[in-house]
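Below is one structure; the comments refer to it alone.
The values are calculated or read from the model by the stated rules, or taken from the named source; none is laboratory data. On a predicted model such as this, the values are computed, not experimentally measured, just so you know. Note that we place each Cβ from the backbone using ideal geometry, even for glycine, and neighbour counts take in every protein chain shown. Ligands, DNA and RNA are stripped out before the accessible areas are found, and what is left, the full protein with its side chains, is counted by its heavy atoms. Shrake-Rupley method; radii C 1.70, N 1.55, O 1.52, S 1.80 Å.
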Amino acid sequence: TRNYYTITYNANGRGTPSFTSKDIQFGDEYVLPTISATGYTFDGWYTAASGGTKITSSTTVTNASNHTLYAHWTINKYPITLNMGTGISAVSGAGNYDYNSLRNINATVKPGYTWSKWTGYTTTTTQAYSFNMPAQSVTLTANATGNPYSVVYNCNGGTGTRNATSHVYGTSSAVSTNFCTNT
C-alpha cells in the first residue's frame, strides 16, 4: 500500500490558506488550498520559502515524507493621480507604487494664494503629505485659496470719498468708479 504524508501549507507571511494541512497518498496529485492577501498577487505553492519548485494541482506527490509547501507572492502596484486645483502651479508624487510603500506628495502654490488642503482619497491640510500606499488607486487634488486684499480709493487731489473694498486674489470683482470730482 502507498503511504500517506502530511503536507503543511505555509502562507509565507501573508494571507491565510483555506486549509493549513492535508494528508495525501504518495503518487496522488497535490490538493492545494486557496489563499489571498491584500496588496499581493499569489504566484503559487513552492517547495521552499524562496525559490524552490512550483507545485500545481496536477503535480504528483513524490516526496516520501511529511513536507511543507510555501506560498509565493508578488507585490501589487497601484497608481497615484494628482490634480491641480485653484491656485496650484505644480504637484509632485504621482506614479505607480508598491502596496504599503511610503509615498510623499507635495504641491507648489502660486503667488497670491495660500495653501488649503488635499481632497479626494483623503482630506488633509498638510501640504507635503506622506502616507502608506493602500491596495487601491489614489486620486488627490491640491487646493489653495486666494489671499484677501483691500483696495483703498484715493481721489488724487479731487474730492469725494469711498470706503476701502475687500477682494480675493484671482477672483474677478468690480471696483468702484466715479465717486471723485475734480476741483
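Odds and ends about this structure:
- With respect to (1) β-branched (Val, Ile, Thr); (2) open to solvent by 50 Å² or more (accessible area, probe 1.4 Å); (3) within 30 Å of Tyr169 (Cα to Cα), the lone exception for Thr56 is condition (3).
Yes/no per residue for (1) open to solvent by 60 Å² or more (accessible area, probe 1.4 Å); (2) of a type in the set (Ser, Thr, Tyr); (3) at positive phi:
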| site | (1), (2), (3) |
| --- | --- |
| Asn100 | yes, no, yes |
| Arg103 | no, no, no |
| Lys110 | yes, no, no |
| Thr114 | yes, yes, no |
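A quick yes/no check of all residues on (1) of a type in the set (A, V, I, L, M); (2) surrounded by 15 or more Cβ atoms within 10 Å (Cβ to Cβ); (3) assigned to a strand (DSSP E or B):
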| site | (1), (2), (3) |
| --- | --- |
| Tyr97 | no, yes, yes |
| Asn106 | no, yes, yes |
| Lys117 | no, yes, yes |
| Gln136 | no, no, no |
| Thr139 | no, no, yes |
| Ala142 | yes, yes, yes |
| Asn156 | no, no, no |
| Thr161 | no, no, no |
| Ser172 | no, no, no |
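- The C-beta contact set for the stretch 130-151 (first residue touching a residue at least 24 places away in the same chain (Cβ under 8 Å) and under 30 Å from Ala174 (Cα atoms), second residue open to solvent by 70 Å² or more (accessible area, probe 1.4 Å) and among the basic types (Lys, Arg), distance under 8 angstrom, 6+ apart or interchain) comprises Asn143/Lys117; Ala144/Lys110.
- From Thr56, Thr68, residue being among the polar types (S, T, N, Q), touching a Ser or Thr at 6+ places or on another chain (Cβ under 8 Å) and at pLDDT 95 or above: Thr68
- Of everything listed in (1) modelled with pLDDT under 95; (2) under 30 Å from Gln127 (Cα atoms), the single unmet condition for Arg2 is (2).
- Residue in the stretch 59-76 that is most open to solvent (accessible area, probe 1.4 Å), counting only those that are among the small types (Gly, Ala, Ser) and within 25 Å of Arg2 (Cα to Cα): Ala64
- The stretch 137-183 - residue that is on the phi > 0 side of the Ramachandran plot and touching a strand residue (DSSP E or B) at 6+ places or on another chain (Cβ under 7 Å) and, of those, modelled with the highest pLDDT: Gly170
- Top-ranked residue of the stretch 20-53 - restricted to ones that are open to solvent by less than 70 Å² (accessible area, probe 1.4 Å) and charged (D, E, K, R), ranked as nearest to Thr8 (Cα to Cα): Asp28
- Given (1) under 34 Å from the mean Cα position of the chain (by Cα); (2) open to solvent by less than 50 Å² (accessible area, probe 1.4 Å), number of the condition Thr6 does not satisfy: (1)
- The one condition in (1) more than 30 Å from Tyr9 (Cα to Cα); (2) touching an Asp or Glu at 6+ places or on another chain (Cβ under 8 Å); (3) not hydrophobic (A, V, I, L, M, F, W, C) that His72 fails to fulfil: (1)
- Qualifying residue in the stretch 77-92 (condition: at pLDDT below 95 and surrounded by fewer than 16 Cβ atoms within 10 Å (Cβ to Cβ)): yes
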